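*Asks:* Got a structure for you, written out below as structure tokens; questions coming shortly.
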Amino acid sequence: MIRIGATIDVPFMEGRSVALDGERRIAVFHTTDGFVALDAACPHQGGPLADGILSESCVTCPLHGWRIDLRSGEVVGGEGRVAVHDVIERDGELFVAAPDAALSRS
């Protein structure tokens, strides 16, 4: 597991971008159902998903309005997807599985 930050680092109904391995970035969101994480770049043109708006279990990319389902990583009403990462919350800290394990879920 890789520590990605503290729970207080991700305000409710917002996202934050976190580097996993120096190259790969993920977007971590604090939703009504807890914490979720996706690869950080929108599959359309690489927009920063962590800066998107959360609504109805989706994040909307701030560049062109593509909606990504937070549970599946799939583009809503279109083609494409991003990897979804399991987030574990423990004692106020957030962790994700190692990147190679996360890749197998995409």
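*Asks:* Which of the strands (runs of 3 or more DSSP E) found entirely inside region 1-61 contain at least 2 residues meeting this: in contact with a Ser or Thr (Cβ under 8 Å, 6 or more places away or on another chain) and either closer than 16 Å to ARG71 by Cα or touching a residue at least 12 places away in the same chain (Cβ under 8 Å) (or both)?
*Replies:* Answer list for region 1-61: 25-31, 34-39, 53-55.
*Asks:* Test of understanding: among GLU14, GLU74, which residue is out of contact with any strand residue (DSSP E or B) (no Cβ under 6 Å at 6 or more places or on another chain), farther than 13 Å from LEU94 by Cα and among the charged types (D, E, K, R)?
*Replies:* When all the criteria are applied, what remains is GLU14.
*Asks:* Do you know which of the residues in region 90-106 that are modelled with pLDDT of 95 or more and surrounded by 12 or more Cβ atoms within 10 Å (Cβ to Cβ) is farthest from ILE26 (Cα to Cα)?
*Replies:* Within region 90-106, the match that is farthest from ILE26 (Cα to Cα) is GLU93.
*Asks:* Would you say GLY34 is of a type in the set (Gly, Ala, Ser), surrounded by fewer than 17 Cβ atoms within 10 Å (Cβ to Cβ) and in contact with an Asp or Glu (Cβ under 8 Å, 6 or more places away or on another chain)?
*Replies:* The answer is yes for GLY34.
*Asks:* When you scan region 59-68, do you find a residue that is loosely packed, with under 15 Cβ neighbours inside 10 Å and modelled with pLDDT of 95 or more, even just one?
*Replies:* Scanning region 59-68 turns up at least one residue that is loosely packed, with under 15 Cβ neighbours inside 10 Å and modelled with pLDDT of 95 or more.
The values are calculated or read from the model by the stated rules, or taken from the named source; none is laboratory data. No experiment lies behind these values; they were computed from the predicted model shown. Please note: Cβ atoms are built from the backbone with ideal geometry, for glycine as well, and neighbour counts cover all protein chains shown.
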